[in-house]
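The block underneath contains the structure these notes are about, expressed in structure tokens.
The values are calculated or read from the model by the stated rules, or taken from the named source; none is laboratory data. This is a predicted model, so every value here is computed, not measured. Cβ: placed from backbone, ideal geometry, glycine included. Neighbour counts: every protein chain shown.
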Amino acid sequence: MIIRRPFRLFLLTVLPLTTALPLVGQELLEIHTAQRCIYTDGQMDEELYRFATNGQVDARIREIAELGGADTVFQWIQTNVENVTAVLDGENRYLLYSLDFVERSNEIEVYGALAHEIGHHVNAHTFSDERRNTEELEADQFMGYVLSKKGFSLADIGVFLKIMPSSYGVTFEDRLQAVTEGFIRAERALQINSLPFDNDPKLEGLTLPGFPWPPPACNARYELPETTLAGLGTLGAVEQKLRVALDAKGYSQRSYFSVPNGFALVTQLEQYNAADASSRNDRTRWLDYPARDNFSGVMDYLKSFIMPQKGYFRLLVFIATNQPFGGGAQRVSKAQATAWLSQGFNKLPQSLAKTPLTPEYSVTVLVYEFEVPESNRKPVQKCPSPLFDAQTHLRKSGIAAGLGL
């Protein structure tokens, strides 16, 4: 008895202390989580701990980014969250996930929750109260796009949404509509890619996808003079003149979208020279990441992996419409802009090409610029002031000459 009593007191004293301490291998995760989205709109623990990464989850996150045509502009961390959480801390973006949630959930639940939160980062969301509803629906659109590409059906997705609702004040009906829009966009992209020829009659049976309207913010714009359209009788003739000018300067990859009473032609993202806005006429022009070609030695070559070369990118959008328009409030990420190329049609449908070109029509070019700093590989949109005005981009790229400017 003399031995047991002190031992019993020792247990009562020490046990509460040991249970309050983190386990061996845990590291306190010091990030601010005020700007966030928890998939099921739950609560966050006051203290978060970083656990070892999980290879299977890593692979799923990379797969989702690839399916959505997105860059992984965020860090992902296994920690003690409820399921999956997107966090914005200053300029840093995080995807936090619970391995326990992943292991006890079925496949669509895991892919759906991960895709929704990744969608927040892909769309550069801020998680502000005033934009919460819009941002949740944009993340749901991305989720629907990814789940469609993954092979899930709309019926499967509908069941998933009922089992795992993500409220934040968004109704089930609105969420389902947003997910369906993303799902249909993915199906359309697959249909377009499966058409072997530009003149395939099946192309006319598809609905031309809509370009974001009004166009995303932070662009340089220039309205082509009326003389550029002189003698053209249809929207098809306008498209042909644009296409010839683009082909002459190597812009052979392009995509078509609908806008009110007209169309938008989107070019492939390209790298340009920051010194004068001219196109890079080498093998790096169409790379979607910075790449150095010349190295002074082995050490310079090895250093390039740690400090990549700064890269400058641009994408041009030609909009032909008889409707006035301004700029939207939402920016566009480099990943979204890159994805436009695969989301639109490969040609202008004849039903739209035959539209008469009346005097009310005009063509406006929008130039979206992105910069990848030397310190990392995270692209940043040039906003509000681009490096060059739209006329300079047209002239230095050589497109202006083909348009008679």
Query raised in the report: With I157, I184 as the choices, which residue is more than 21 Å from the chain's Cα centre (by Cα), in the same structural domain as A59 (by TED's automatic domain parsing) and either closer than 15 Å to A113 by Cβ or at pLDDT 80 or above (or both)?
Result: I157
Query - region 94-107, subset assigned to a helix (DSSP H, G or I) and not acidic (D, E), residue surrounded by the most Cβ atoms within 10 Å (Cβ to Cβ) - result: V102
Query raised in the report: Do we have any residue at all in region 360-381 that's modelled with pLDDT of 70 or more, surrounded by fewer than 16 Cβ atoms within 10 Å (Cβ to Cβ) and part of a loop (DSSP other than H, G, I, E, B)?
Result: yes
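Listed here are the residues, each with its yes/no results for (1) under 27 Å from Q268 (Cα atoms); (2) in a loop (DSSP other than H, G, I, E, B).
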position: A59; (1), (2): no, no
position: G69; (1), (2): yes, yes
position: W76; (1), (2): no, no
position: E82; (1), (2): no, yes
position: L147; (1), (2): yes, no
position: G158; (1), (2): no, no
position: K162; (1), (2): no, no
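For region 113-137, which residues satisfy the criterion of being within 15 Å of A70 (Cα to Cα), in a helix (DSSP H, G or I) and either outside the structural domain of V170 (by TED's automatic domain parsing) or touching a residue at least 60 places away in the same chain (Cβ under 8 Å) (or both)?
In the first step, residues of region 113-137 are kept if they are within 15 Å of A70 (Cα to Cα); the result is 114-125.
Checking which are in a helix (DSSP H, G or I) leaves us with 114-122.
Those that are within 15 Å of A70 (Cα to Cα), in a helix (DSSP H, G or I) and either outside the structural domain of V170 (by TED's automatic domain parsing) or touching a residue at least 60 places away in the same chain (Cβ under 8 Å) (or both): H116, E117, H120, V122.
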Query raised in the report: Taking the stated definitions as given, is V110 in the same structural domain as I31 (by TED's automatic domain parsing) and part of a helix (DSSP H, G or I)?
Result: yes
Report task. Could you check how many residues of region 76-97 are touching a helix residue (DSSP H, G or I) at 6+ places or on another chain (Cβ under 6 Å), more than 14 Å from D58 (Cβ to Cβ) and polar (S, T, N, Q)? Result -> 1
